[in-house]
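Single-structure report; data block below.
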Amino acid sequence: MRPKIFHLQPKMPLNDERPGGEDRVDEPSTSGLDGSRESIAGDHAAKSRSPSAGPPKTFTVDGVNESTRDLFNLRFAHEIIVNPSFHLQPDLLPQGSLWKMVKDNLHKAYWDILESELNDDPPEYGQAIRLLEEVREILLSMLRPGTNWMRAQITEVLDMDMIRQQADNDAVDIQGLASYIITIMGQMCSQVRDKDIEKLRQSPDNMVTRFKEIFRVLDLMKVDIVNFTIDDLRPVLMSPGVDFERATFHRILGDKPGALEITTAWIKSALEELSSSNTKEQCDGQEKGPRPPPGPFQLLNAAFLRILTWDYKKSALPETWMQDEKRLREIQCQLRQGQAVNAVLLIIYSTVGGPVQGLPSLSFRLMWNISVLLEGMHSPDFNLEKALESVSAQICCDLNKSLTERDYPALTPALQATLTGQICSIAQKDNPIRTLVEDRVQQYFTALLCDPKSQVKPIPAGLTPIQIELASIGAKFISLVNHNRRVYGPFYADIIKKLMFSSSPPAANPAQDTTQDPVSFK
């Protein structure tokens, strides 16, 4: 059999995708977190509680294989449900990589054998027969139910015993069989492969080249069938998929000690933050009388809010969020860049004033140029200070051009220096404009978490420049939160019950600094 390598990846990049299903915000099912402490202490949480510490578990090869299989199934099902653009694609190995060199050499050796045998006098058909047999099995495996007539026809034409007898007598028609295979492929493939089939029909009579192309198109057809199945499964999985993900996750956890350690620390940190905030407000006299402790729903929302500010350098994500790490990182990067753009625009309009306000084309040009110059600011080697200097120079150039075109005086050197200094200062974490933008973003996401059913939320004052981007990012984040809440609600319920009502709450050192800045720029 020829070696084949496939991998799973999204069909489209996540950064800019805005599929309808991704932006859909469903009403969250609290799954045991319906706001009352009594419900958390109920039987529902006990059914799916997180594993408790126990004696060391002996791992076997079969056990490891089963866990690996469960993890793959969990990731696969989760990707189908939360990513409407997810499809299977053939792996494209990087040019010059070791694996590509190995793959190319193996394939070359395979096709060289075929060419050598067919060029013998008389020809040898051993390799060609093995290819025909593989093609036969692939075609039969791709047939849909109810196509028995085609199955019977393929079995009759590609009768391997008959073909071997013909080969022994040097009477096998390889060209004719290849033409028949191409015809059958044309009847079975989707419309997107019509051009590939047409190229096959026009391929040269060289059998090595023709068989290479046949297998290339067959590989594409196999992927098409899998993707068609995925599209069919997606609506079916939406409801039972939650139960499947939860059961698979529970099976992966097994009896491992400390299996939800990071998740427990994450929720505990949110509880400590809320308790500390309540205590501070009482000490400042903002509250009359003691405030009741936070409820489970409030606590979990506070924990979800912390996911937006997660410091991946300090800790891995909670175990219940591992499947969405790539999506969460991209959301965080988009949010950081959007906040930086918004802060720069606020500085421009507050510094220059009326002559540059109320001009949509200028606002768009400024936002575009700022975004381009701040592209990649989430990278470890990105120098924010130097990037902001470039932003300042470009902004001054754009403003002067706009002002002179409308018969306004250009910016004075003193004003340009002031503008540059203020823009560059947002690299500092305690910059007031930066802090203002970050706080308003936190307010917006807090409102979304408190009422996720309403997708349209008023944008806090000061965030108008990025309101479209903010709404899109918010919809994606809330969609992930809603699904996460439905799947892992019972696990969260058990952890919160132990933290809030147990005399000896689970020990877990907070994995994150509770004073972490909200979605910092850098």
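Does region 66-74 contain at least one residue that is open to solvent by less than 50 Å² (accessible area, probe 1.4 Å), in contact with a helix residue (DSSP H, G or I) (Cβ under 9 Å, 6 or more places away or on another chain) and at pLDDT below 65? Let's see the steps before the verdict.
Of all residues in region 66-74, those open to solvent by less than 50 Å² (accessible area, probe 1.4 Å) come to 67, 70, 74.
If we keep only those that are in contact with a helix residue (DSSP H, G or I) (Cβ under 9 Å, 6 or more places away or on another chain) as well, we get 67, 70, 74.
Next, only the ones that are at pLDDT below 65 stay: 67, 70.
Checked against the condition, which is being open to solvent by less than 50 Å² (accessible area, probe 1.4 Å), in contact with a helix residue (DSSP H, G or I) (Cβ under 9 Å, 6 or more places away or on another chain) and at pLDDT below 65, region 66-74 yields at least one hit.
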query: Give me the pairs: first residue in region 341-352 and closer than 18 Å to residue 435 by Cβ and at pLDDT 90 or above, second residue among the small types (Gly, Ala, Ser) and surrounded by fewer than 23 Cβ atoms within 10 Å (Cβ to Cβ), beta-carbon distance under 7 Å, and six or more apart or on different chains, which are they?
result: 341/371; 346/462
query: Right, residue 358: on the phi > 0 side of the Ramachandran plot and open to solvent by 40 Å² or more (accessible area, probe 1.4 Å) or not?
result: yes
Of all residues making up region 185-242, the number that are touching a helix residue (DSSP H, G or I) at 6+ places or on another chain (Cβ under 7 Å), more than 21 Å from residue 118 (Cα to Cα), open to solvent by 20 Å² or more (accessible area, probe 1.4 Å) and modelled with pLDDT under 80: 4
Count - residues of region 99-155 that are at pLDDT 85 or above, of a type in the set (Ser, Thr, Tyr) and under 19 Å from residue 179 (Cα atoms): 1
From 497, 476, residue being closer than 12 Å to residue 296 by Cα, in contact (Cβ under 8 Å) with a residue 60 or more places away in the chain, in a helix (DSSP H, G or I) and open to solvent by 10 Å² or more (accessible area, probe 1.4 Å): 497
statement: Of the conditions (1) of a type in the set (Asp, Glu); (2) loosely packed, with under 14 Cβ neighbours inside 10 Å; (3) without any contact (Cβ under 8 Å) to a residue 40 or more places away in the chain, the single one that residue 170 does not satisfy is (3)
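The values are calculated or read from the model by the stated rules, or taken from the named source; none is laboratory data. Just so you know, these numbers come straight off a predicted model, no measurement behind them. Cβ coordinates were reconstructed from backbone atoms using ideal geometry, including for glycine residues, and neighbour counts include every protein chain displayed. We work out accessible area using only protein heavy atoms, side chains counted, and drop any ligands, DNA or RNA first. Shrake-Rupley method; radii C 1.70, N 1.55, O 1.52, S 1.80 Å.
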